[in-house]
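Just so you know, all these numbers are worked out from the coordinates, no wet-lab data involved. Just so it is clear, the model here is predicted, and its values are computed rather than measured. Because the Cβ atoms are built from the backbone with ideal geometry, glycine has one as well, and the counts that use them run over all protein chains shown.
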Amino acid sequence: MVHGISWEALRGGIFLSMLLGISISDARFYIIPHEFSLGGTLIGLAMSFLPGGIGWAGAAGGAIVGYTVLWFIAATGTRIIEKISPGRLEEAGMDRAMGGGDIKMMMMVGSFVGISGVAETAFLGSLGALVVYGPIATLYRRLIPFGVFLAVAGAVTYVWGDAMMDWYLIRIIGLTA
């Protein structure tokens, strides 16, 4: 990571600002505006051409994989919930397990962090949601939007993702440099 005035600082400032806006909007209003998700995707793709970024292919691949993976998780989650607990989604006032804003948000995240960053973000967001949301849902039966967890995970991945992946591959998997 480069410190000071650089293209990376501009890219990081824009990305992290969008994630902050997404988390506030999703937490307060249960919606992720298209200006953040779709507009952010276009900004991420455009910024991939700047020096030091993940490149056009990495940004496009990350956007495609981010959208596709979360769409698949949302569709599968909806089917599982409908099978295990019929009527649960309707009780919660929802028609599917995950909103389209979360899916489009991961497309935006992917355009900034690439394919491996999408995997890290999805994992960390899911882990955070499980640890925080599990007890809250059990005790208070309150919904917490997943976009908040994905936004925090996206920020962590952007700032520390490479270091976390290196640690995991060396310490857990046992690969050497």
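Checking the structure you have, find out if any residue of region 90-102 is free of Cβ contacts under 8 Å to residues at least 24 places away in the same chain, buried (at least 16 other Cβ atoms within 10 Å of the Cβ) and part of a helix (DSSP H, G or I). The answer is no; no qualifying residue exists. Which members of region 44-76 meet the condition of being hydrophobic (A, V, I, L, M, F, W, C), surrounded by fewer than 15 Cβ atoms within 10 Å (Cβ to Cβ) and over 22 Å from Met94 (Cβ atoms)? Listed by number, the residues that qualify are Ala46, Phe49, Leu50, Trp56, Ala57.
Suppose we filter region 3-24 for residues that are free of Cβ contacts under 8 Å to residues at least 60 places away in the same chain and either closer than 19 Å to Met107 by Cα or of a type in the set (A, V, I, L, M) (or both); how many remain?
Restricting attention to region 3-24, the residues satisfying the condition of being free of Cβ contacts under 8 Å to residues at least 60 places away in the same chain are 3-10, 13-14, 17, 21, 24.
Still in the list and also either closer than 19 Å to Met107 by Cα or of a type in the set (A, V, I, L, M) (or both): 5, 9-10, 13-14, 17, 21, 24.
Count: 8.
Once region 135-150 is narrowed to residues that are outside any helix (DSSP H, G or I) and of a type in the set (A, V, I, L, M, F, W, C), the residue that is nearest to Met106 (Cα to Cα) is Ile144.
Looking across region 38-52, the residues that are touching a helix residue (DSSP H, G or I) at 6+ places or on another chain (Cβ under 6 Å) and not in a helix (DSSP H, G or I) come down to Ser48, Leu50, Pro51, Gly52.
Just one of the listed residues (Val132, Val109) is touching a residue at least 40 places away in the same chain (Cβ under 8 Å) and either in a helix (DSSP H, G or I) or more than 18 Å from Phe15 (Cβ to Cβ) (or both), namely Val109. When Val156 is tested against (1) over 16 Å from the mean Cα position of the chain (by Cα); (2) surrounded by 13 or more Cβ atoms within 10 Å (Cβ to Cβ), only condition (1) is not met. Taken over region 1-33, the criterion of being farther than 22 Å from Leu143 by Cα and part of a helix (DSSP H, G or I) is satisfied by Trp7, Glu8, Ala9, Leu10, Arg11, Gly12, Gly13, Ile14, Phe15, Leu16, Ser17, Met18.
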